[in-house]
Amino acid sequence: MLLVKVGYGIVYRGVLGDGTKVAVKNLLNNRGQAEREFKVEVEVIGRVRHKNLVRLLGYCVEGAYRMLVYEYVDNGNLDQWLHGDVGEVSPLTWDIRRNIILGTAKGLAYLHDGLEPKVVHRDVKSSNILLDRQWNSKVSDFGLAKLLHSERSYVTTRVMGTFGYVAPEYACTGMLNEKSDVYSFGILIMEIISGRSPVDYSRPQGEVNLVEWLKTMVGNRKSEEVVDPKLPEMPASKALKRALLVALKCVDPDATKRPKMGHVIHMLEADDLLFRDERRVGREPSHSQHDYELENHAATKLVHKQSGEGTSDTSEGESGRKNHQSTRWR
């Protein structure tokens, strides 16, 4: 049974001899790839075990054809729930969206920091985030993934991925590393918060590109206006500002300033990590107007910095990032 036709392949639902449901993807983009290289990469990915990653069960190489067999996840993908016909009110509450963001971050963190060689997914996007009946997220589709050994800071490869999600430095040079996934993840956060596609030509001028529109809105202190109108309830301003700040850090034009995924997890989970330098020592966290102004100022300052309008540095250095590396993705 045909499940979906995507940019780099066709996915079918199948049933194994023991009754296990599977998803089978016929790759359309890897037909020129050497058989040995394909097998090495797929066998490494096949050893991955994480609750937020779709398990690769097997593969088939026959002539020019490449097929991947995955576990079957039965509640569709995030793209369908964000952009499909779900009615006037989305079933994706803020808590569900936050958990999807966090689960996806943990899956990517495991690929980047829990394996050797590390795995760069290369095609992080909403249609590759599958959801189970409890709305748990699972990163799927490793058909474009590349391995990055510890002695190498990047791998040069033919540019692949999906328009709107591809990191600018990768698109321009073909130099790929885990920070390329971080950029795509930042776009994904913006998409989940706003309910908008990364690029939408049906929008008015100035709103076509999600990143630029969102930066403009945050820079103009209109963060609440970027929230998906189908969201059942508005998130707390503090939670919204934190999620937007994480997204903005992830899409920093300078790849070296993007956080690692382990640090992203800490930023998403910690109440005051992003603003600890701006809070008075010993003050209890609150949802006061002062908190709101601090977070709004931090987001605005980061937008101005990325636009070349400011000079203050809101991102932590590598030493700070190392001190906050998370192990919760294991």
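The values are calculated or read from the model by the stated rules, or taken from the named source; none is laboratory data. Model, not experiment: these values are computed from the prediction. Cβ sites come from the backbone with ideal geometry, for glycine too, and all protein chains shown count toward neighbours.
Quick notes
- Verdict on Arg49 being under 21 Å from the mean Cα position of the chain (by Cα), over 13 Å from Ser137 (Cα atoms) and basic (Lys, Arg): yes
- Some residue of region 166-177 being over 20 Å from Pro253 (Cα atoms), assigned by TED's automatic domain parsing to the domain that holds Lys215 and among the β-branched types (Val, Ile, Thr): no
- Only helices (runs of 4 or more DSSP H) whose full extent lies in region 35-119 are considered here, and the ones with at least 1 residues that are surrounded by 20 or more Cβ atoms within 10 Å (Cβ to Cβ), touching an Asp or Glu at 6+ places or on another chain (Cβ under 7 Å) and at pLDDT 95 or above are 78-83, 94-113.
- All of (1) assigned to a loop (DSSP other than H, G, I, E, B); (2) modelled with pLDDT under 85; (3) surrounded by 14 or more Cβ atoms within 10 Å (Cβ to Cβ) hold for Arg31 with one exception: (3).
- Any chance Val182 is surrounded by 15 or more Cβ atoms within 10 Å (Cβ to Cβ), in the same structural domain as Ser153 (by TED's automatic domain parsing), farther than 26 Å from Thr157 by Cα and modelled with pLDDT of 95 or more: no
- Neighbours by Cβ (under 8 Å, 6+ apart or cross-chain): first from region 141-162, in the same structural domain as Asn52 (by TED's automatic domain parsing); second exposed (fewer than 12 other Cβ atoms within 10 Å of the Cβ) and small (Gly, Ala, Ser): none
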